[in-house]
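Inspection log for the structure reproduced underneath, given as structure tokens.
The values are calculated or read from the model by the stated rules, or taken from the named source; none is laboratory data. These figures come from a predicted structure and were not determined experimentally. No Cβ is skipped: glycine too gets one built from the backbone with ideal geometry, and neighbour counts run over all protein chains shown.
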Amino acid sequence: MFDTIIVGGGAAGLSTAIMLKKSRPELKVAIIEQLDRVGKKISTTGNGRCNITNKSIKSENYYSKDLNKAIKILEDFSLNETKDFFSSIGVEICFEKSKAFPRSFQASSVVDALRFSAQNLKIHLFTSTKVLNIKSKNSIFNIITENSDFPADMLNTKTVVIATGGLAGGNKLGSNGDGYKFLKNFGHNILPQSPVIVQVKTENNITRSLKGIKVDAAVKIIQNAKITASDFGEVLFCDYGLSGPPILQLSRYCKQNSVITLDMLHEIELTDLVNLISKRRNIFKGFPLTEFFAGLLHKRIGQAVLKQCNIALSDLCETLTDTDCQNIAKTIKDFKFKVTGNTGFANAQATSGGADLKDFNKNLMSKHSDGLFAVGEVLDVDGDCGGYNLQWAWSSANTVANSIISFLG
């Protein structure tokens, strides 16, 4: 008989187990992970560097139908507590601007530290073990798995934690939505899910021709003639559409038929840009328009702008009219791309939606079944890019660990 079985060995599951055992070493705790090793998804975070958290944890960085409950959990275990927790397992944190990383800048080292800590605390790890169902009878939960080597009563437990994650990352990272199924069987409401922090597909006749090119741009999302969100950063042109930090950050606002606009010379006012482009007619006099943007924009981006303005690249620079100069300047500062979709959960860094927080008390115990808890991405909480989603994993783990200790007495 276990005191706690945690279904899912990712960031939230591992940290819940470690926090629980650090506080109550005598408890018998197990983690069941369907993949061949724990922490696989952590290894992919922060481009392999693991953006653990952020200096600025604010409500505007998070999204949930019950945001107040989520924010209280985040406030109870924020930056300082996160630094102390990781220091206690051997991971020291440093910062790049507001983003926090392990000093090693290796996500694998964070996984190793969590795994070593779990081993030292004698947490039982069952890997390559897929959970099929969770049943409850007489205040005892029974975890049913595909592993026929387990006796029927081996995986009995007083409490169970659903830490399966959402759908982001897809099956290769063990994100198949099983946690929603388990919670739904206990009467929980599961809110619709969508991929966020994900690349955006657009009408790609332009982006395909610019594949691999990056540009710093002020980015806006337009829906029904209104600006719904904006950001700034390095945008990457891809064969399917657009990527890069600001695109990932704004992807949640990119609905079907919304429009992404790029201001590729955001530091220059439109009037000044028109004058600058007009002046370049004389600077590049005698040269074809293929060379017009030398020293101002990437050559291929400039050529794409000219094509968008229906200007022949074979014409000479001095043939541009005043109207042409105005249209070129407007296009540079308002380069439009119609959204057609995104690259899906397999490429997403987080899941929007999930298990409704209203079905859990403030300590993340189920209102439908005493002793049933949930942590991390399986819940209807997600954050912006920049360490916010991992912070939710650590904070919700702390809440559940403390809640289980209280529940078990």
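General remarks:
- Qualifying strands (runs of 3 or more DSSP E) (wholly inside the stretch 202-307; at least 3 residues being assigned by TED's automatic domain parsing to the domain that holds Leu320 and in contact with a helix residue (DSSP H, G or I) (Cβ under 8 Å, 6 or more places away or on another chain)): 214-223, 226-237
- Residue match in the stretch 273-283 (condition: closer than 22 Å to Phe232 by Cα and touching a Ser or Thr at 6+ places or on another chain (Cβ under 7 Å)): no
- Residue-level check: of (1) surrounded by fewer than 18 Cβ atoms within 10 Å (Cβ to Cβ); (2) small (Gly, Ala, Ser); (3) at positive phi, Ser98 misses just (3).
- Beta carbons closer than 6 Å, at least 6 apart along the sequence or on distinct chains, pair a first residue in the stretch 24-37 that is in contact (Cβ under 8 Å) with a residue 12 or more places away in the chain and closer than 15 Å to Met1 by Cβ with a second that is part of a loop (DSSP other than H, G, I, E, B) and hydrophobic (A, V, I, L, M, F, W, C) for Val29/Ile123.
- Residue match in the stretch 288-310 (condition: within 22 Å of Ala350 (Cα to Cα), of a type outside the set (Gly, Ala, Ser) and either surrounded by fewer than 17 Cβ atoms within 10 Å (Cβ to Cβ) or in contact with a Leu (Cβ under 7 Å, 6 or more places away or on another chain) (or both)): no
- Test: residue in the stretch 330-346 that is outside the structural domain of Lys184 (by TED's automatic domain parsing), under 20 Å from Phe237 (Cα atoms), of a type in the set (Asp, Glu) and in contact (Cβ under 8 Å) with a residue 12 or more places away in the chain: yes
- Output for the stretch 170-187, where each listed residue is touching a Leu at 6+ places or on another chain (Cβ under 9 Å) and not in a helix (DSSP H, G or I): Gly174, Ser175, Asn176, Gly177, Phe186
- Selection status of Thr159, assigned by TED's automatic domain parsing to the domain that holds Asp370 and assigned to a helix (DSSP H, G or I): no
- For the stretch 376-395, the set of residues classified as out of contact with any Gly (no Cβ under 7 Å at 6 or more places or on another chain), on the phi < 0 side of the Ramachandran plot and in a loop (DSSP other than H, G, I, E, B) consists of Val381, Asp384, Cys385, listed by residue number.
- Close contacts from the stretch 185-212, counting a first residue that is at positive phi and a second that is surrounded by 15 or more Cβ atoms within 10 Å (Cβ to Cβ) and among the charged types (D, E, K, R), with Cβ to Cβ under 9 Å and a gap of 6+ residues or different chains, come to Gly187/Asp359; Ile197/Arg252; Ile197/Asp382; Ile197/Asp384.
- Any hit, the stretch 14-25, residues being in the same structural domain as Ala113 (by TED's automatic domain parsing), within 18 Å of Val161 (Cβ to Cβ), assigned to a loop (DSSP other than H, G, I, E, B) and of a type in the set (D, E, K, R): yes
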